[in-house]
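Working notes for the structure below.
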Amino acid sequence: MSVVALVPAAGRGLRLGEQIPKAFVELGGRTMLARAVDGLRKSGAVDRVVVIVPPELLGSVKADLGRSHDVDVVAGGAERTDSVRAGLEAAGDAEFVLVHDAARALTPPAMIARVVAELKAGSAAVIPVLPVTDTIKSVDVLGMVTGTPLRSELRAVQTPQGFSTQVLREAYDAGDLAATDDASLVERLGVSVQTIAGEAHAFKITTPLDLVLARALLDADS
Ligand code: CTP
Ligand code: MG
């Protein structure tokens, strides 16, 4: 039952605002991408990793991370879904795939292992989640509030998200790919998605404040 992890790292990182694509920003001397790949390896639950990078960095990443026997490198696309689709094409005959943002560089390996364990126990789709602490409102284009979903029923969603490879391929073949996570595409097929407990350290490094937090956490550990 082989497990391939797809690591989308082809984004531009506009909200982070650094001069280079976000996944290549360094935390404590190593790129977010290298740390994300390392976490997947340390989980002991992943057989192969496919990293998906900006096309102009394909050569340099192949010459670096791509030298490892368990890492393949492919070029991503304009939207995250384009990048994941490119990764899926390189996933071969893996039974399960994980999709894991390079930007979640500090994800605890034990959480990754829990996602895989849940897949192997029979779930076709598994996502790590946390309760939300802010109250969330929906608003219209004018900024007027249109509703307040019950907070106790809301969850913030992390990665890695785990899938039966066949199910995720079906979801990507189904067409309409506007989505901010992969599970939502699978939900549209009517497939049940199992949640498991996420971890604070699996936060996505999105803004400059997140970068400060990530670096502080690494400093505190060293
Ligand atoms: N990603 C990708 N291909 C894209 C867009 C995003 O592989 N076309 C990846 C990013 O590299 C990141 C993950 O998807 O690891 C989550 O996306 P996000 O945090 O939004 O990163 P960016 O798109 O790079 O950031 P921003 O939206 O601020 O530009
Ligand atoms: Mg983005």
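If residue 51 meets every condition in (1) within 18 Å of residue 114 (Cβ to Cβ); (2) away from ligand 2 (no atom under 16 Å from the Cβ); (3) touching a strand residue (DSSP E or B) at 6+ places or on another chain (Cβ under 8 Å); (4) not polar (S, T, N, Q) apart from one, which number is that one?
Residue 51 satisfies every listed condition except (1).
Residue check: is residue 58 over 16 Å from the mean Cα position of the chain (by Cα), of a type outside the set (Phe, Trp, Tyr) and surrounded by 15 or more Cβ atoms within 10 Å (Cβ to Cβ)? Don't jump to the end; show me each part of the working.
Working: over 16 Å from the mean Cα position of the chain (by Cα): yes; of a type outside the set (Phe, Trp, Tyr): yes; surrounded by 15 or more Cβ atoms within 10 Å (Cβ to Cβ): yes.
Yes; evaluated as a whole, the condition is true for this residue.
Only one of 22, 42 is in contact (Cβ under 8 Å) with a residue 60 or more places away in the chain, buried (at least 20 other Cβ atoms within 10 Å of the Cβ) and at negative phi; which?
Answer to the check: 22.
Among all residue pairs at least 6 apart or on different chains, which show Cβ distances below 7 Å where the first residue, located in the range 186-210, is of a type in the set (Ser, Thr, Tyr) and the second is surrounded by 15 or more Cβ atoms within 10 Å (Cβ to Cβ) and part of a loop (DSSP other than H, G, I, E, B)?
206/16; 206/103; 207/16
Taking residue 174 and the conditions (1) crowded, with 16+ Cβ neighbours inside 10 Å; (2) within 15 Å of residue 88 (Cβ to Cβ), which numbered condition does it fall short on, given that it satisfies the others?
That leaves (1) as the condition not met.
What are the residues in the range 76-116 that are out of contact with any strand residue (DSSP E or B) (no Cβ under 9 Å at 6 or more places or on another chain) and away from ligand 1 (no atom under 13 Å from the Cβ), if any?
Residues satisfying the conditions are 93, 108, 109, 110, 113.
Take the residues in the range 172-222 that are hydroxyl-bearing (Ser, Thr, Tyr) and assigned to a loop (DSSP other than H, G, I, E, B); name whichever of them is farthest from ligand 2 (Cβ to nearest atom).
Top of the filtered list is 222.
Among the residues that make up the range 57-70, is at least one of them within 16 Å of ligand 2 (Cβ to nearest atom) and assigned to a helix (DSSP H, G or I)?
Checked the range 57-70: no residue is within 16 Å of ligand 2 (Cβ to nearest atom) and assigned to a helix (DSSP H, G or I).
The numbers here are math on the coordinates, done by the rules we state, and not lab data. Computed from a predicted model, the values in this text were never measured in an experiment. Positions of Cβ are backbone-derived with ideal geometry, glycine not excepted, and every protein chain shown enters the neighbour counts.
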